[in-house]
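Notes follow the structure.
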Amino acid sequence: MSVHDSDVLAHARTYQYEEEAEIDARTHAYTSFKFPLRDLDGSVYGTCAVSMDLTELRDAQREAHALRQHIWHADRVTRTGQISASLAHELNQPLAAILSNAQAGLRFLARNEADISEVREILSDIVRDNRRASTVIASLRALVTRQETERVELDIAQTVHELIALVRSELAERHIQLSTVLEPNCTARGDKSQIQQVMLNLVMNAIDAMADQPEANKHLTVSSKRTEEGSILVSVRDNGCGVAKENLPRMFDSFWTTKQHGMGIGLLVCRSIVESHQGAIWIEPNAQTGVTAYFTLPHGGPAQPTTETAH
């Protein structure tokens, strides 16, 4: 008699269990409903069970999960590959500053009477630029890693700022003005690299959509706030070419794209990631030009007054 049978007998009630059994040298997973058997007088004399073999279902779920991870990783690498030149430029700036400051420091030290305060200032600049370069490298590494990371409490504003560090040079090169409207202390539980992958997809889509706009009209706004329902709402707004109303329902279809060289999986990956975080994602046309992409995540902290920043 199993421990589960003993529970049914001891409490005279029905239980549901997940169990495993070795059959033909293979471990099978079952979900079992075990209930008591009663005599005519109502006394319990035994147990009975109805079981369903979940082995093939579990195997299929594991395979589907592995496939999603491969697709998510491929999409991340594709996106970061598109901005590799900008990342190189973003890193070259602090590295060049570090070299220049180090050379200046050596010249000061070569003097007979070095100014300690100036040397201290130079060393502080080197530390600052080193941290800037490290932040960019760490953000890129987290974004392209294939390993599934733990779901943790995320500060959405910080997550957005780290993503912006990866695309800042791309925005500058394409003469796009960026504004952020981010609610402080706005947190959600999630996989940081996956959430940043969603943001990267939406931001790069917005950048591409504004390619043919005059420089003065290229505006991108990334916002986050807490909704009345208690979730986090993140939005990416552009004033690009927009999407035909009849095409909006197809935006998240597999292999459907309006881009000449698009793969048609970016938004599909975004939806898969967001829904795996118990959120929702959609796109709406703006009143004038362009579109706004929205996605929600479950919230995890109190709301605070919104701060607005222009870049």
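The number of residues in the stretch 19-48 that are at pLDDT 80 or above and touching a Phe, Trp or Tyr at 6+ places or on another chain (Cβ under 9 Å) comes to 12. Could you say whether any residue in the stretch 263-270 is assigned by TED's automatic domain parsing to the domain that holds Asp208, of a type outside the set (A, V, I, L, M) and either in contact with an Asp or Glu (Cβ under 7 Å, 6 or more places away or on another chain) or at pLDDT below 75 (or both)? Yes, the conditions are met somewhere in the stretch 263-270. Those strands (runs of 3 or more DSSP E) of the stretch 144-237 in which at least 2 residues are under 13 Å from the mean Cα position of the chain (by Cα), considering only elements entirely within it, cover 152-155, 187-190. A single member of Gly279, Gly242 is surrounded by 19 or more Cβ atoms within 10 Å (Cβ to Cβ), at pLDDT 75 or above, part of a loop (DSSP other than H, G, I, E, B) and not hydroxyl-bearing (Ser, Thr, Tyr), and it is Gly279. Pairs are defined by a Cβ separation below 9 Å, a sequence spacing of at least 6 or placement on different chains, a first member in the stretch 1-23 that is among the small types (Gly, Ala, Ser) and part of a strand (DSSP E or B), and a second member that is surrounded by fewer than 13 Cβ atoms within 10 Å (Cβ to Cβ) and modelled with pLDDT of 80 or more; the pairs so defined are Ala21/Thr27.
Quick check: anything in the stretch 106-126 at pLDDT below 75, more than 26 Å from Phe295 (Cα to Cα), β-branched (Val, Ile, Thr) and assigned by TED's automatic domain parsing to the domain that holds Gly190? Within the stretch 106-126, not a single residue is at pLDDT below 75, more than 26 Å from Phe295 (Cα to Cα), β-branched (Val, Ile, Thr) and assigned by TED's automatic domain parsing to the domain that holds Gly190. Within the stretch 225-244, residues that are on the phi > 0 side of the Ramachandran plot reach partners that are buried (at least 21 other Cβ atoms within 10 Å of the Cβ) with beta carbons closer than 6 Å, at six or more positions or on different chains, in the pairs Gly242/Gly290; Gly242/Val291.
Counting the residues of the stretch 22-59 that are surrounded by fewer than 13 Cβ atoms within 10 Å (Cβ to Cβ), within 26 Å of Ala10 (Cβ to Cβ) and out of contact with any Gly (no Cβ under 6 Å at 6 or more places or on another chain) gives 11.
The values are calculated or read from the model by the stated rules, or taken from the named source; none is laboratory data. In this text, all values refer to a predicted model and were calculated from it rather than measured experimentally. Ideal geometry is used to build each Cβ from the backbone, glycine not excepted, and the neighbour counts take in all protein chains shown.
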